[in-house]
């Protein structure tokens, strides 16, 4: 067994883990980054990032890198339900100015590789690739002191750090070891994901709502279209179909999408992931913290997962830097991280949860689309909220809703 000491140990080299590592290394700390996978690796995802993610990428110094690998501009969302469709753009809302009039979409194996390599270029980050974190190390008083990880050959590492960060996804080992994971049983869903080439597509992401789920699609790098089918787990089990047949079955039920998709060619296998609903009772601990999907996940229909990861990483790295300089390891030292989560992430996650509840009532969805079809500017406002640049406090201003309900906006 090899024992190594760092300032911070991070489990998970996805967007939350890699960018936390990069920011800490910039501040002069030594960071161990551990991931069971070898990169580049596939990651089931909607593969869309909102306009507010782009300034974060610029701050990380990877904006040009992501653009260079072929990120596609996504200029709004086209929403389909019950034979109706509405189009929303990213626009200024009240005093909130859109940082860009588009988001980006790029394959996760490409995006995550860019973020990881940027972290490693920073210096101060040591990457333990192919090592699966399997156990937390604790002091006698319960303070987390690091983790154990092993590779396929059975080599075991003990990585020690003042703080240990769980950025290891929705099935986080760190969160499980800390005993704070809680499944959201009413939101038990699974996703089927794949990609197609040679599909006629524009510059918009699309969501096609079904009675028991939805399709989410976006144009990504390489001229591909990313396709995700999210379904109630019970509905998927009821059909008893294998993944490929299940995808084809629901495409048949969604002709507006199915006919276009079949004009192209599927280039990836149909992969599945589930269940995707999990919360955590706490996110900071003595010697540890959770960030990204490891801190809680509720399947953001509107594509805010990357924002949650990068914004959370920014806030956590700032709080960790202050705590390490103060030589503190207590959970209270990370209070600034929780404040940002409370202000920037929790309200948006709550909106995603509310939307998920609404989607379980087809009559409500049908009525909502009836209103949206008559108020295009309202669609722009709602889509812009999902762009992550509109402070939710701005929605308390009556003028925002007056404009949304009275002005004409984009057309589908």
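The values are calculated or read from the model by the stated rules, or taken from the named source; none is laboratory data. Keep in mind that this is a model prediction, so the values were computed, not measured. A quick note on method: Cβ atoms are made from the backbone with ideal geometry, for glycine too, and the neighbour counts reach across all protein chains shown.
Observations
- Residue within the stretch 280-290 that is at pLDDT below 95 and outside any loop (DSSP other than H, G, I, E, B) present: yes
- Residue check for residue 389: surrounded by 18 or more Cβ atoms within 10 Å (Cβ to Cβ) and under 22 Å from residue 74 (Cβ atoms): yes
- Qualifying residue in the stretch 51-71 (condition: over 19 Å from the mean Cα position of the chain (by Cα), assigned to a strand (DSSP E or B) and surrounded by 17 or more Cβ atoms within 10 Å (Cβ to Cβ)): no
- Within the stretch 179-192, considering residues that are crowded, with 19+ Cβ neighbours inside 10 Å and either without any contact (Cβ under 8 Å) to a residue 60 or more places away in the chain or more than 27 Å from residue 363 (Cα to Cα) (or both), the one farthest from the chain's Cα centre (by Cα): 180
- Among the candidates 287, 305, 296, residue that is surrounded by 21 or more Cβ atoms within 10 Å (Cβ to Cβ) and under 18 Å from residue 52 (Cα atoms): 305
- Scope the stretch 380-394; condition in a helix (DSSP H, G or I), in contact (Cβ under 8 Å) with a residue 24 or more places away in the chain and farther than 21 Å from residue 87 by Cβ; matching residues: 392, 394
- Residues that are touching a helix residue (DSSP H, G or I) at 6+ places or on another chain (Cβ under 8 Å) and either assigned to a loop (DSSP other than H, G, I, E, B) or within 20 Å of residue 111 (Cβ to Cβ) (or both), drawn from the stretch 207-242: 211, 212, 217, 221, 225, 227, 241
- Qualifying residue in the stretch 371-384 (condition: in contact with a helix residue (DSSP H, G or I) (Cβ under 6 Å, 6 or more places away or on another chain) and closer than 26 Å to residue 284 by Cβ): no
- Boolean, residue 405 is under 27 Å from the mean Cα position of the chain (by Cα), in a helix (DSSP H, G or I) and in contact (Cβ under 8 Å) with a residue 12 or more places away in the chain: no
Condition check ((1) free of Cβ contacts under 8 Å to residues at least 60 places away in the same chain; (2) more than 21 Å from residue 54 (Cβ to Cβ); (3) assigned to a strand (DSSP E or B)) across all residues:
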| residue | (1), (2), (3) |
| --- | --- |
| 101 | yes, no, no |
| 109 | no, no, no |
| 127 | no, yes, yes |
| 136 | no, yes, yes |
| 142 | no, yes, no |
| 147 | no, yes, yes |
| 160 | no, yes, yes |
| 164 | no, yes, yes |
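- The numbered conditions (1) buried (at least 20 other Cβ atoms within 10 Å of the Cβ); (2) more than 25 Å from residue 111 (Cα to Cα) are all true for residue 332 except (1).
- Each residue in the stretch 19-47 was checked for being under 18 Å from residue 290 (Cα atoms), in a helix (DSSP H, G or I) and more than 14 Å from the chain's Cα centre (by Cα), and 5 of them qualify.
- Flag if residue 265 is modelled with pLDDT of 90 or more and farther than 27 Å from residue 383 by Cα: yes
- Residue match in the stretch 110-120 (condition: in contact with a helix residue (DSSP H, G or I) (Cβ under 7 Å, 6 or more places away or on another chain), over 20 Å from residue 305 (Cβ atoms) and crowded, with 22+ Cβ neighbours inside 10 Å): no
- Selection status of residue 195, under 27 Å from residue 248 (Cα atoms) and not in a loop (DSSP other than H, G, I, E, B): yes
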